[in-house]
Amino acid sequence: MELLRFATAGSVDDGKSTLIGRLLYDSKQIFEDQIDSVERTSAARGDDYVDLALLTDGLRAEREQGITIDVAYRYFATPKRKFIIADTPGHIEHTRNMVTGCSTANLVLILADARSGMTEQTRRHASIAALLRIPHLVVCINKMDLVGYREERFAEIRGEFSEFSANLGVKEITYIPISALEGVNVVAGSGAMDWYLGPSLLRHLEEVEIDSDHNFSDPRFPIQRVVRPRKNDLHDYRGYAGQIAGGVLRVGDAVLVLPSRLTTKIQTLETMDGPLREAFPPMSVVMRVEDDLDISRGDLICSPANQPLISQNLAAVVCWMADEPLRAGRRVALKHTTRWVRAVVHEVQFKREVNTLLHDNEASELALNDIGGITLRTTEPLFFDPYERNRTTGSFILVDESSNVTVAAGMLTGEAR
Amino acid sequence: MADLLTHLDALESESVHIIREVVAEFERPSLLFSGGKDSAVLLHLAVKACWPQPIPFPVVHIDTGQNFEEVIAFRDMRIAELGCRLLVERVQDAIDRGDVVDDPALGSTRNRLQTHSLLKVIEDGRFDAVFGGARRDEEKARAKERMFSFRDEFGQWNPRGQRPEIWNLFNGRHGSGEHFRIFPLSNWTELDIWQYIAQEKIELPSIYYAHVRKVVCRDNMLIGVGPYTEPRKGEKIFEMMVRYRTVGDMTCTAAVESDALDPQMVIAETMVARFSERGATRTDDRFSEAAMEDRKREGYF
């Protein structure tokens, strides 16, 4: 069984909670006591109907105010796949939550109301999903029951969306007409839309091809820690533990170590379960190499024939997550793969309007939830790939050095000129 | 072309990555071990993450003094096998010192009293990272907690001030006196745990499998009769085939009727279960809608 991680974005009124509730309920992941508790709370609040949002709104403030303030993770499984849903609030002031929820997703599910079609909100969600290079996008045109299940309305919204998304660069977009409330095309189809020949949402989630979501072409192994057991029977053992970030690494392969630029060969790839012939993302392994080299945490093992970019001057797109704005000159700590370095922001180059995709080149600062282009200089060179090529070696976070709070998510675009 | 990992391999790799990040970046980690199934899986993952080195941090048990004897026997066996250091912090000691009061009004459970002992052991041990086996599918407040969960110098959790957790880039930076609770099993469900126990042949205390036990029926739950759980007036004692789905303090953990004798049979039962794990078996989450959130804010597991 495989694992598929997907993110959903939206607010209560577009039927997102109803949709998630239905996915969980119809796949029998909601237990009777959980439904009981939701019914009790709904009744106590005086709601007219059972509010399925209560299943995911876990914090006291959220329940009292009827809002979602954070990313909630939900889980369900079918005989084919296990699913992790990162359920994020969709309003603009929660852009950072959507970025967080999307960062680990294979797929993003966007809801559009069949009556209103494309809105500013759906545009923003698609644009953030594209920015984070989510390989699969599913647009569910919901509330089809309220437009008489008409094919023309579905085609109209699909056309509108295709036009907008042409510039987004998403690998694959799937459109599904549904009614979450009536349960049409969520788990199973129905006679209501016999003109629709595609899969139901659940079948699509079960069958969408995710084999190539990881980078299997550029060998990248960031060292997490050096393993030296200091036990009598393993006296000379020196292994390097880490999670493969790209490519397929095989025993016997020639490798290059950065930053030392020394070359050696892979002697073993192993885990507690035994030796491996090859390792690929996202496996966590221990590697031993043939020569006795000085390798430590934060170093990167790659192929001599396939090396990452190496630079102290970086260009990136960031989502700013702190209350006080980001301006040039700001000093921060930066975490990239398994390394911490210090960095200074050289320049805020543009702010990206998330609803229109336009760049505001006059912007000189980024406020909370803004997305924009910056250049940075780091104390030591980073070994990286553009984010569009590798989501692991192309991403970083920025951390405030006095409060220790994470203030930005960043995607590397290349070397800054 | 590489094959995709199975869901268990992917979850394992994610957990191993988290544990290694903590070992690499924190000065004094420790691992909370109750002897329950989730902490047995957590300990197994820690062993795998550190392999071939023995785990380089101590294992901590908060002992309510109201344990199942099978669980304590299992704990001691597992610790002896691994040769790691075990720290036991007794709730009874805190009661004897007068730090906390054993409140009979709470149904004589010492569950909530554990928070004091937990915070004390973290302070005494100067631990800056504490691994726990909590899962997000257990409870709604946990569904919103980070894998690296920041605690201030009072050990408190602030749900609205959590650090965003993006990609697999964890930020464990902290000041002195502050610490992190680390939850490597965040993305695992009860079913994943059992499938992994079956796959890895992880040993568990015998009470996780069906056995005959004397029970009483209280609030629609089956409470095992034992030294800390005497039958109340009017309660009738039954003998029944039961197992435990969760194992905590004896006073707040209920059994479920079951015929499951091994992990495969438990998996089959889990797949058709009608009640959630905590809903079916934990009296401690029933006090209020936000019982878990309130306890977590105070510093609970």
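When both residues are 6+ apart or on different chains and their Cβ atoms are under 7 Å apart, which pairs have a first residue that lies in the range A:181-202 and is assigned by TED's automatic domain parsing to the domain that holds residue A:142, and a second that is of a type in the set (Lys, Arg) and outside any loop (DSSP other than H, G, I, E, B)? What qualifies is A:183/A:22; A:186/A:22. With A:72, A:114 as the choices, which residue is surrounded by 20 or more Cβ atoms within 10 Å (Cβ to Cβ) and either more than 20 Å from the chain's Cα centre (by Cα) or charged (D, E, K, R) (or both)? Answer to the selection: A:114.
Might you let me know whether the range B:244-265 holds any residue that is in a helix (DSSP H, G or I) and without any contact (Cβ under 8 Å) to a residue 60 or more places away in the chain?
Checked against the condition, which is being in a helix (DSSP H, G or I) and without any contact (Cβ under 8 Å) to a residue 60 or more places away in the chain, the range B:244-265 yields at least one hit.
Hey, residue B:202 hits all of (1) under 27 Å from residue A:102 (Cα atoms); (2) within 14 Å of another protein chain (Cβ to nearest Cβ); (3) not basic (Lys, Arg) but one; which does it fall short on? Unmet condition: (1). Out of all the residues in the range B:242-299, which are over 21 Å from residue B:71 (Cβ atoms) and at pLDDT 85 or above? Scanning the range B:242-299 gives B:259, B:264, B:267, B:268. Checked against (1) within 14 Å of chain B (Cβ to nearest Cβ); (2) part of a strand (DSSP E or B), residue A:95 passes all but a single condition, namely (2). In the condition set (1) surrounded by 18 or more Cβ atoms within 10 Å (Cβ to Cβ); (2) within 14 Å of another protein chain (Cβ to nearest Cβ); (3) within 30 Å of residue A:295 (Cβ to Cβ), residue A:371 is compliant with all but (3). None of B:7, B:17, B:61 is within 30 Å of residue A:232 (Cβ to Cβ) and either within 14 Å of another protein chain (Cβ to nearest Cβ) or at pLDDT below 95 (or both) except B:17. Among all positions in the range A:348-361, there is at least one residue which is at pLDDT below 95 and in contact with a His (Cβ under 8 Å, 6 or more places away or on another chain). Of the residues making up the range A:98-130, those that are in a helix (DSSP H, G or I) and among the polar types (S, T, N, Q) number 4.
Just to verify a result, which residue in the range A:249-266, among those that are hydrophobic (A, V, I, L, M, F, W, C) and buried (at least 16 other Cβ atoms within 10 Å of the Cβ), is farthest from the other protein chains (Cβ to nearest Cβ)?
Taking the range A:249-266 and keeping what is hydrophobic (A, V, I, L, M, F, W, C), we get A:249, A:251, A:254-258, A:262, A:266.
Then keep just the ones that are buried (at least 16 other Cβ atoms within 10 Å of the Cβ); that gives A:249, A:251, A:255-258, A:266.
Working: A:249: 10, A:251: 15, A:255: 18, A:256: 21, A:257: 18, A:258: 18, A:266: 16 Å.
Restricting to residues being hydrophobic (A, V, I, L, M, F, W, C) and buried (at least 16 other Cβ atoms within 10 Å of the Cβ), the top hit is A:256.
Just to verify a result, which residue in the range B:14-60, among those that are in a loop (DSSP other than H, G, I, E, B) and under 14 Å from the mean Cα position of the chain (by Cα), is surrounded by the fewest Cβ atoms within 10 Å (Cβ to Cβ)? Only one residue fits best here, namely B:36. Tell me, please, whether a residue that is surrounded by fewer than 22 Cβ atoms within 10 Å (Cβ to Cβ) and at pLDDT below 95 can be found in the range A:313-321. No, the conditions are met nowhere in the range A:313-321. Taking (1) in contact with a helix residue (DSSP H, G or I) (Cβ under 9 Å, 6 or more places away or on another chain); (2) at pLDDT 95 or above; (3) on the phi < 0 side of the Ramachandran plot; (4) not small (Gly, Ala, Ser) in turn, residue A:149 satisfies each apart from (3). Output yes when any residue across the range A:267-279 is outside any loop (DSSP other than H, G, I, E, B), within 14 Å of chain B (Cβ to nearest Cβ) and among the small types (Gly, Ala, Ser), and no when none is. Among the residues of the range A:267-279, at least one is outside any loop (DSSP other than H, G, I, E, B), within 14 Å of chain B (Cβ to nearest Cβ) and among the small types (Gly, Ala, Ser), which makes the answer yes. Name every residue in the range A:226-250 that is in a loop (DSSP other than H, G, I, E, B) and of a type in the set (Phe, Trp, Tyr), in order of residue number. Within the range A:226-250, A:237 is the sole residue that qualifies.
Test residue A:220 against the criterion of being out of contact with any helix residue (DSSP H, G or I) (no Cβ under 9 Å at 6 or more places or on another chain), among the basic types (Lys, Arg) and more than 12 Å from chain B (Cβ to nearest Cβ), and give yes or no.
Spelling it out, residue A:220 is indeed out of contact with any helix residue (DSSP H, G or I) (no Cβ under 9 Å at 6 or more places or on another chain), among the basic types (Lys, Arg) and more than 12 Å from chain B (Cβ to nearest Cβ).
What number of residues in the range B:162-193 are without any contact (Cβ under 8 Å) to a residue 24 or more places away in the chain, crowded, with 19+ Cβ neighbours inside 10 Å and among the small types (Gly, Ala, Ser)? The qualifying residues number 0. Residues of the range A:227-258 being within 26 Å of residue B:15 (Cβ to Cβ) and in contact with an Asp or Glu (Cβ under 7 Å, 6 or more places away or on another chain), which ones? Listed by number, the residues that qualify are A:246, A:247, A:248, A:249, A:250.
For the structure I just gave you, tell me whether residue B:159 is crowded, with 22+ Cβ neighbours inside 10 Å and either within 13 Å of chain A (Cβ to nearest Cβ) or more than 18 Å from residue B:19 (Cα to Cα) (or both).
It is false that residue B:159 is crowded, with 22+ Cβ neighbours inside 10 Å and either within 13 Å of chain A (Cβ to nearest Cβ) or more than 18 Å from residue B:19 (Cα to Cα) (or both).
Among the residues here, residue A:167 does not qualify as in contact (Cβ under 8 Å) with a residue 12 or more places away in the chain, among the polar types (S, T, N, Q) and in contact with a Pro (Cβ under 7 Å, 6 or more places away or on another chain).
The values are calculated or read from the model by the stated rules, or taken from the named source; none is laboratory data. A quick note: this is a predicted structure, and the numbers were derived from the prediction, not measured. Note: ideal-geometry Cβ built from the backbone for every residue, glycine included; neighbour counts use all protein chains shown.
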